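> I'd like to ask some things about the structure below.
The values are calculated or read from the model by the stated rules, or taken from the named source; none is laboratory data. Since this is a predicted model, take the numbers as computed values, not measurements. Here the Cβ positions follow ideal geometry from the backbone for every residue, glycine too, while neighbour counts run over all protein chains shown. When the accessible area is computed, the model is the full protein with side chains, heavy atoms only, and any ligands, DNA or RNA have been set aside. Shrake-Rupley method; radii C 1.70, N 1.55, O 1.52, S 1.80 Å.
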Amino acid sequence: MKREICLVRRNRTPYGGAEKYLLRLSNELTAQGYRHQLITSRLPKFLPSFMRALLFNIGTCLQKGSRFYFSLERITCPDIYRAGDGVHREF
């Protein structure tokens, strides 16, 4: 049985390089017959950004199970992490 591939991106917008990258990746996964989904945040904007990041990390990791995470976010449980959004040497 194939594991489900999850593309993880906290903030989903209709523009931006990461979003265009995920769209191309999603289209190719579909063309190749892979089952996948996009995981994004549903947290309210009134929360401080650090709180949204922390809660997104916790919720995403708790729901992982056997799914394969390809993440464009700094979460603690990705199978693959694509560094971007202002990469720093220390991270």
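> Report the percentage of all Cα-Cα pairs in region 1-49 whose separation exceeds 14 Å, rounded to a whole percent. Write down the numbers at each step before the final one.
On the way: 685 of 1176 pairs.
Pairs farther apart than 14 Å: 58 percent.
> Ok, one more. Counting only heavy atoms of the protein chains, get the accessible area per residue of the chain (1.4 Å probe) and round it to a whole Å² value.
Value for the chain: 72 Å² per residue.
> For the chain, rounded, prolate or oblate, judged on the Cα gyration tensor with a ≥ b ≥ c (square roots of eigenvalues), a/c < 1.5 rounded, else prolate if a/b > b/c?
Working: a/c = 1.59, a/b = 1.35, b/c = 1.18.
Because a/c hits 1.5 or more and a/b exceeds b/c, the chain counts as prolate.
> Measure nothing fancy, just the Cα-based angle from helix 17-31's long axis to the longest principal axis of the chain, in degrees from 0 to 90, nearest 10.
Between helix and principal axis, roughly 30 degrees.
> Using alpha carbons only, how many degrees (0 to 90, rounded to 10) separate the axis of helix 49-62 from the longest principal axis of the chain?
40 degrees
> Considering the chain, which cysteines have no disulfide-compatible partner, defined as another cysteine with its Cβ under 4.7 Å away?
Lone cysteines by the Cβ rule: CYS6.
> If I compute solvent accessible area with a 1.4 Å probe over the protein chains, what percent of it on the chain is carbon and sulfur?
Numbers: 3650 of 6580 Å².
Heavy-atom surface of the chain belonging to carbon and sulfur, 1.4 Å probe: 55 percent.
> What does the helix-only formula give at 222 nm for the chain: each DSSP H stretch with n ≥ 4 adding -39500 (n - 2.57), the total divided by the residues, and the result rounded to the nearest 500 deg cm²/dmol?
On the way: 2 runs with 29 residues, N = 91.
-10500 deg cm²/dmol, from helical runs alone.
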